[in-house]
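A quick write-up on the structure given underneath.
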Amino acid sequence: MPTIRFYSGLFCITAATLMLQLVQTRILSVVAWYHLAFFVISAAMFGLTAGAVWVYLKGERFSAKTLSYDLTYYSALFSLSTTIALAIQMTLSPLSQPAFTTLVVWIEMAVCLSVPFFFSGVVVSLALTRSPFPVGRVYGVDLIGAALGCFGVLLLLNLFDGPSAVLWISVLALLGAMLFAGSGIGSVPETRTKLMINLERKSIWFVLLIVLAALNSTNSERKGLYPVMAKGKVEIGTLPWFESWNSFSRVVANEIVIQPAHIWGPSPTMRRMDWVLPQSYLNIDGDAGTAAYGVAGDLNRAEFLKYDVTNMAYYLPDRNRAAIIGVGGGRDLLSARVFGVKEAIGIEINPTFVDLHLNNPEFSAFVGLPQIEGVSLVVDEARSWFARSQDRFDVIQMSLIDTWAATGAGAFTLSENGLYTTEAWRIFLRRLTANGVFTVSRWYSPVDINETGRMVSLAVAALMESGAETPKNHIFLVAAKNVATLVISRSGFSAPELTALIKASENLEFEVLIAPGQAPASAVLKSIVESRDLAELNRFTKSQELDLTPPNDDRPFFFNQLPLFDIGKVIALATSDRVLGVSYGNLFATATLMMLLAVSLALVIVAIVIPLRPALRDAGPRQASGGTAYFILIGMGFMFIEMSLLQRFSVFLGHPIYSLSIVLFSLILSTGLGSLLSDRISIEKKNNFIAWAVLTGGYVLSTLLWLPDLLLSLDSGSLTARGLVTVSVISPAGLLMGFGFPAGMRFISAVDKRPAPWFWGINGASGVLASTIAVACSIAYGISMTMTLGALCYFLLIPAVMVIGFPGGARQQNLNLPIAETA
């Protein structure tokens, strides 16, 4: 029983660690911007590494004599610090404004995020280096707990809001402490602080924490632990009509108001006071919004939607079937039926919206979609659904999906969007009838219409890849105020169809930007639609002030238009007096990214590099230089590959939360298995090591040749099938990479064990910093480039080991080092 309690305690701690990391990405996506979710990964790595460093620095203090007590104490601190840090975090308002206060806020945020992981790092380090049990078995339990935590978080977020989920994770961590207390390894220390004595009352703290988590989970009035601010807006004090958190997002339906109908791109001819009705404004993660109209299923009350520029495609004749990407408040489904489309199907990835329309009596009666004949809803990821569907549609509509919440943030990592790539648009075009159209609406800047060029270049590229000889004959672009709508015809517009669109635009006083037979509204748009081939299109769009190149699955960053591949252009844009629209948000997001890199660098230097620097004094010059290079390379290489896999599979799986859960699960298990196998399969001999490094880098590089086509061909698979493909692709890479760290420690220990802490510390530090660098690299040059750099790091391990020197097969089995921290 003591042994089982030890392993169970470790399982709880490692599961709680991974769950905390993933839940924090969800909370940061609500209170800040999506691209900042990667900061949680850096903070977690920093905290875990710092905890391992501290165990090393306090080495004489810890031994098997007091192991159960120490594990209990630091597990309790992990639980307690998670709760306290959450309380502080809820009061912070992370901004992206260029001010010193912003830097201070983000430093505070970094501390709140890192401290719980510090105590978790201490627990895992002690379990691995001080327990009397086999290291391989302890490491295996560590990995199983972490891997299952990747999936446990999905259950947790579908049951509770983000802050409550963190409190339940604290309960799990404290349960780990109670299990460690019964493991019976060693005795109580001779001297104890007051905090130690107080934390010994574990049962009382456990009950109190459960009560706190339960009360917070059932509190619907935001009077518990809840974010004070979300994206710069006050959250406390104003209660919504409806609120729901899940693993995808936080959806809030605000209180009903009676006012003139709110539509995205209204015609100047619309008399808004003629259309006063009840409305509820829904927002996703605090900013991205959609309106729900209280028409109660009466289409006559929704006739005002005919004035919205987003619905231009419905002025085409003979439209009988429509598919809507993103249900939201139901406006696009209402639009289709208002125009007389007989059948309209909505495809929505977020089950909260479908549940609102179908299962929430008040909301369902308010909008009335279930009462409207011909309307149906499907919960699925749109790209995958269209890829496996055999149905064809007269209209496929995608209006303002991933609105300003992603646009303003630059849509960095964890905001890659698989709906706005050439591969995705080719899938949508294939699902059209012979005269069908695909229509997309996006934000538009009237004073700089060239920002719309990226949407147009994406359309031209997709048409070219689909076999269209003259893409300009397939494109109609119209704008109203701040919204532009693109209508793409699969076969090209016929004369009656073009006449219908132009007549509707004239009647509604919309501005036609592109139409077959007419000169485009700007020289930039003209050059894009008249490009003769993909090479000419890419050359022109890459040469512009903004990045107007068509996004693809390798660079799925549609919303980021900063040309990060040309720093000179970025600097010129940042110093220009004319910073408008999308570029404004992109610049602030990039500045935030650089600021967080600086914060991470400072924390790494203060908490890892400086404390471990004395350990390097015992190293010779070859061991110091070669060893430092080796561990920097595997730290950066591993993180480059991990981040590129997260980005690549986010597009394939359809949502970042799936990518985080499945990719991390695969990497944790396979890398851990590789580390364990390194005890049995030696790669310390010269030929073995070279073969391993070449095989590892080679496999990663080979994925660039076959993986994109494989994923595209399997887009139509179910989520389970796509998840299994993800695991099967990642596992070989993880298995091979798992050999790197323990092999490196053996190389170092064969020369001199004493400087070893420096090397595993610098390895963790390089991983912390590499996550930010990998994000920037993928946006500027593509996911393939980030993957290539990761593979190159593994190839460069060969000269690094040449400098250290091969130990001639000598192997060190018991290094007494927390190798799992980096893995």
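The values are calculated or read from the model by the stated rules, or taken from the named source; none is laboratory data. These numbers come from a predicted model, not from an experiment. Virtual Cβ from ideal backbone geometry, glycine too; neighbours counted across all protein chains shown. Heavy atoms of the whole protein, side chains included, go into the accessibility calculation; ligands, DNA and RNA do not. Shrake-Rupley method; radii C 1.70, N 1.55, O 1.52, S 1.80 Å.
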Q: Only one of these is of a type in the set (Gly, Ala, Ser), crowded, with 19+ Cβ neighbours inside 10 Å and in contact with a strand residue (DSSP E or B) (Cβ under 9 Å, 6 or more places away or on another chain): SER771, SER749, SER778. Name it.
A: SER778
Q | the range 278-287, residues that are at pLDDT below 95 and open to solvent by 10 Å² or more (accessible area, probe 1.4 Å) | A | TYR281, ASN283, ILE284, ASP287
Q. In the range 263-312, what residues are touching a residue at least 40 places away in the same chain (Cβ under 8 Å), assigned to a helix (DSSP H, G or I) and more than 12 Å from ARG331 (Cα to Cα)?
A. TYR307, VAL309, MET312
Q | For TRP692: the one exception among (1) open to solvent by 10 Å² or more (accessible area, probe 1.4 Å); (2) not in a helix (DSSP H, G or I) | A | (2)
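Within the range 229-245, can you find the residues that are more than 13 Å from SER93 (Cα to Cα) and surrounded by 21 or more Cβ atoms within 10 Å (Cβ to Cβ)?
The answer is TRP245, and nothing else.
Tell me which residues, restricted to the range 246-256, are touching a strand residue (DSSP E or B) at 6+ places or on another chain (Cβ under 8 Å) and surrounded by 18 or more Cβ atoms within 10 Å (Cβ to Cβ).
SER249, ARG250, VAL251, VAL252, ALA253, ASN254
Quick check on ILE345: is it buried (at least 23 other Cβ atoms within 10 Å of the Cβ) and not in a helix (DSSP H, G or I)?
no
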Q) Does GLY140 satisfy being assigned to a helix (DSSP H, G or I) and farther than 27 Å from GLY59 by Cβ? A) no
Q: Look through PHE6, PHE46, PHE11 and report the one residue that is surrounded by fewer than 24 Cβ atoms within 10 Å (Cβ to Cβ), touching a residue at least 60 places away in the same chain (Cβ under 8 Å) and part of a helix (DSSP H, G or I).
A: PHE11
Q) Can you pull out the helices (runs of 4 or more DSSP H) entirely within the range 433-546 that have at least 3 residues that are of a type in the set (Lys, Arg) and crowded, with 22+ Cβ neighbours inside 10 Å? A) none
Q | Residue satisfying condition, being of a type in the set (Ser, Thr, Tyr) and surrounded by fewer than 22 Cβ atoms within 10 Å (Cβ to Cβ), within set SER114, SER131, SER164, SER68 | A | SER131
Q. If the Cβ limit is 6 Å and pairs must be 6+ apart or interchain, which residue in the range 697-712 that is touching a residue at least 40 places away in the same chain (Cβ under 8 Å) pairs with which residue that is of a type in the set (Phe, Trp, Tyr) and surrounded by 13 or more Cβ atoms within 10 Å (Cβ to Cβ)?
A. GLY697/TYR794; GLY697/PHE795; LEU711/PHE652
**Q.** Qualifying position, being in contact with a helix residue (DSSP H, G or I) (Cβ under 6 Å, 6 or more places away or on another chain), of a type outside the set (D, E, K, R) and either over 27 Å from LEU719 (Cβ atoms) or at pLDDT 95 or above (or both), among ALA322, ALA336
**A.** ALA322
Q: Take GLN259 and decide whether it is open to solvent by less than 20 Å² (accessible area, probe 1.4 Å), closer than 20 Å to ALA302 by Cβ and part of a strand (DSSP E or B).
A: no
Q: Output the residues belonging to the range 566-578 that are open to solvent by less than 50 Å² (accessible area, probe 1.4 Å) and either assigned to a helix (DSSP H, G or I) or within 20 Å of PRO708 (Cβ to Cβ) (or both).
A: GLY568, LYS569, VAL570, LEU573
